[in-house]
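**Student:** Encoded as structure tokens, here's the structure I'll be asking about.
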Amino acid sequence: MAPVLAKWWTPLESNKVLCTLCPRFCKIGDGQTGFCFIRKNEGGKLYQNGYGTSTGFAVDPIEKKPLNHFFPGSTILSFGTVGCNLGCRFCQNWNISKSRLDESRSMKDLTAEKVVQLAVNHKCPSIAYTYNDPTIWGEWVIDIAKIARQAEIKNVMVTSGYITHEAREEIYPFIDAANVDLKAITDTFYHKLTFSHLLDVLDTIVWLVNETDVWVELTNLVIPGFNDHPDEMNKMVDWILENIGDEVPIHFTAFHPDFKMKSTPPTPPGTLTKTRNLAMEKGLKYVYVGNVYDVNGQTTYCPHCHKSLIVRDWHTVISIDLIDETCECGQKIPIIRN
Ligand SMILES: [Zn+2]
């Protein structure tokens with residue numbers, strides 16, 4: 001495939017360019033790539049080298065993204081490219097996010113039409129842009145998402161939310177749902193462990209929930225000793241309640257030792273349960289745990305009468321007990337179904 005010119009950049013002096021896709025604002029010299037590895041300056045122009053690539057496709061339960069309130073019980077065609085605009089030391093997908101294009105093996109030239117056709121062939125009502133952060137290949141996402149829309153297939157971003165206003169306003173009109181990582185509630189954590197900044201992420205979350213039609217769920221990977229202190233969890237829940245309300249689902253998921261944090265222990269299931277209880281006691285209505293076996297922690301309960309409405313076993317939906325998105329007690333549940 002011919003190189004595809006990137007969106008979101010401006011030329012600078014001596015053939016450099018300024019990438020305006022994410023708040024990192026990389027200044028990229030001729031022949032160099034940005035921090036994400038896949039946006040490359042060639043001859044003073046920025047190219048999107050992730051376009052037309054994939055590290056492989058999977059048909060996953062949508063609960064694995066995780067999304068519990070968007071097309072529950074459905075499958076989703078999932079894929080990613082390589083590179084990332086964050087540098088998380090605890091990355092759970094580092095073999096993808098930290099590989100450069102020339103190291104990736106299973107990539108092949110693709111078209112947007114072929115990706116959508118794959119979703120159709122596998123009877124997936126939606127496509128997930130995931131594994132690495134799809135923000136960095138937003139141009140490819142937009143082109144696939146446009147064709148998916150014509151085929152009545154939904155588009156899902158699984159992202160850190162580290163993106164500029166300029167780019168998000170062009171990408172998200174084509175997106176139906178997003179799972180955004182809220183990795184912690186302190187900038188110290190974001191700065192030291194991810195090489196990015198908290199405020200930009202919070203800004204994206206508020207914008208998505210309050211200013212767009214995108215369905216949003218949050219994920220917080222709970223890392224022992226780094227972001228699991230009850231004071232921090234309290235602060236995070238307070239921020240959510242104050243800024244985006246009590247109905248945005250949040251998933252507290254278990255960390256497993258990986259990448260540059262192999263000596264940090266896995267999250268004890270008890271920590272997740274405690275965190276879930278804390279969040280629900282403070283008023284969040286839809287709180288889940290993930291990466292552990294916990295049917296209770298993965299069930300959707302009615303916040304009014306406490307009836308179990310959607311029962312899940314790992315990523316499998318066992319039962320859905322709703323009539324027109326409403327509990328039998330009359331409580332409306334925020335769920336998007338086909
Ligand atoms: Zn009820």
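**Student:** Go through the stretch 203-224 and report how many residues are surrounded by fewer than 17 Cβ atoms within 10 Å (Cβ to Cβ) and either closer than 27 Å to residue 268 by Cα or of a type in the set (S, T, N, Q) (or both).
**Tutor:** Residues in the stretch 203-224 being surrounded by fewer than 17 Cβ atoms within 10 Å (Cβ to Cβ) and either closer than 27 Å to residue 268 by Cα or of a type in the set (S, T, N, Q) (or both): 3 in total.
**Student:** Also, quick follow-up: What is the residue count in the stretch 300-334 for residues that are away from the ligand (no atom under 13 Å from the Cβ) and either closer than 16 Å to residue 70 by Cα or not aromatic (Phe, Trp, Tyr) (or both)? Walk me through how you get there before you give the answer.
**Tutor:** Restricting attention to the stretch 300-334, the residues satisfying the condition of being away from the ligand (no atom under 13 Å from the Cβ) are 311-320, 324, 334.
If we keep only those that are either closer than 16 Å to residue 70 by Cα or not aromatic (Phe, Trp, Tyr) (or both) too, we end up with 311-313, 315-320, 324, 334.
Residues in the stretch 300-334 being away from the ligand (no atom under 13 Å from the Cβ) and either closer than 16 Å to residue 70 by Cα or not aromatic (Phe, Trp, Tyr) (or both): 11 in total.
**Student:** Restricting to the stretch 146-203, name every residue that is hydrophobic (A, V, I, L, M, F, W, C), in contact (Cβ under 8 Å) with a residue 60 or more places away in the chain and in a loop (DSSP other than H, G, I, E, B).
**Tutor:** Keep residues of the stretch 146-203 that are hydrophobic (A, V, I, L, M, F, W, C), which gives 147-148, 151, 153, 156-158, 163, 167, 171, 174-175, 177-178, 180, 182, 184-185, 189, 193, 195, 198-199, 201-202.
Those still in the list that are in contact (Cβ under 8 Å) with a residue 60 or more places away in the chain too: 156, 158, 163, 167, 177, 182, 193, 195.
Of everything in the stretch 146-203, those that are hydrophobic (A, V, I, L, M, F, W, C), in contact (Cβ under 8 Å) with a residue 60 or more places away in the chain and in a loop (DSSP other than H, G, I, E, B) turn out to be 163, 182, 195.
**Student:** Also, I was wondering about something else. Could you count how many residues in the stretch 240-259 are under 21 Å from residue 66 (Cα atoms) and among the aromatic types (Phe, Trp, Tyr)?
**Tutor:** Of the residues in the stretch 240-259, 2 are under 21 Å from residue 66 (Cα atoms) and among the aromatic types (Phe, Trp, Tyr).
Quick grid of which residues meet (1) under 26 Å from residue 338 (Cα atoms); (2) under 16 Å from the mean Cα position of the chain (by Cα); (3) of a type in the set (A, V, I, L, M); (4) crowded, with 23+ Cβ neighbours inside 10 Å:
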position	(1), (2), (3), (4)
152	yes, no, no, no
157	yes, yes, yes, yes
165	no, no, no, no
177	yes, yes, yes, yes
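**Student:** Turning to a different aspect of this structure: Of all residues in the stretch 289-323, which are part of a strand (DSSP E or B) and under 12 Å from residue 72 (Cβ atoms)? Break it down stepwise before answering.
**Tutor:** The initial filter retains those residues of the stretch 289-323 that are part of a strand (DSSP E or B), namely 289-290, 300-301, 308-313, 316-320, 323.
Scanning the stretch 289-323 gives 300, 309, 310, 311, 312, 316, 317, 318, 319, 320.
**Student:** Let me ask something else about it. I need the full set of residues from the stretch 268-288 which are closer than 17 Å to residue 250 by Cα, part of a loop (DSSP other than H, G, I, E, B) and more than 16 Å from the ligand (Cβ to nearest atom), in order please.
**Tutor:** Listed by number, the residues that qualify are 283, 284.
**Student:** Among the strands (runs of 3 or more DSSP E) contained in the stretch 6-81, which hold 1 or more residues that are aliphatic (A, V, I, L, M) and on the phi < 0 side of the Ramachandran plot?
**Tutor:** Working: elements: 9-11, 17-19, 39-42, 45-48, 57-61, 75-79.
Hits in the stretch 6-81: 17-19, 45-48, 57-61, 75-79.
**Student:** Just to be sure before I move on: is residue 242 free of Cβ contacts under 8 Å to residues at least 12 places away in the same chain and either surrounded by fewer than 14 Cβ atoms within 10 Å (Cβ to Cβ) or assigned to a loop (DSSP other than H, G, I, E, B) (or both) in the structure I sent? Let's see the steps before the verdict.
**Tutor:** On the way: free of Cβ contacts under 8 Å to residues at least 12 places away in the same chain: yes; either surrounded by fewer than 14 Cβ atoms within 10 Å (Cβ to Cβ) or assigned to a loop (DSSP other than H, G, I, E, B) (or both): yes.
So residue 242 passes the test.
**Student:** Looking at the structure I just gave you, is residue 62 at pLDDT below 95, among the aliphatic types (A, V, I, L, M) and surrounded by 17 or more Cβ atoms within 10 Å (Cβ to Cβ)? It would help to see each step written out before you state the result.
**Tutor:** Working: at pLDDT below 95: no; among the aliphatic types (A, V, I, L, M): yes; surrounded by 17 or more Cβ atoms within 10 Å (Cβ to Cβ): yes.
Answer is no for this residue.
**Student:** If you scan the stretch 13-42, which residues turn out to be surrounded by fewer than 21 Cβ atoms within 10 Å (Cβ to Cβ) and of a type in the set (Phe, Trp, Tyr)?
**Tutor:** Selection gives 25, 35.
**Student:** If you don't mind, there's one more thing I want to ask. So if I check each of 258, 294, which one is under 22 Å from residue 191 (Cβ atoms) and either more than 16 Å from the ligand (Cβ to nearest atom) or in contact (Cβ under 8 Å) with a residue 60 or more places away in the chain (or both)?
**Tutor:** Values: 294 fails: under 22 Å from residue 191 (Cβ atoms).
None of the other options fit; the residue is 258.
The values are calculated or read from the model by the stated rules, or taken from the named source; none is laboratory data. All values reported here derive from a predicted model rather than from experimental measurement. For neighbour counting, all protein chains shown are included, and Cβ atoms are generated from backbone atoms with ideal geometry for every residue, glycine included.
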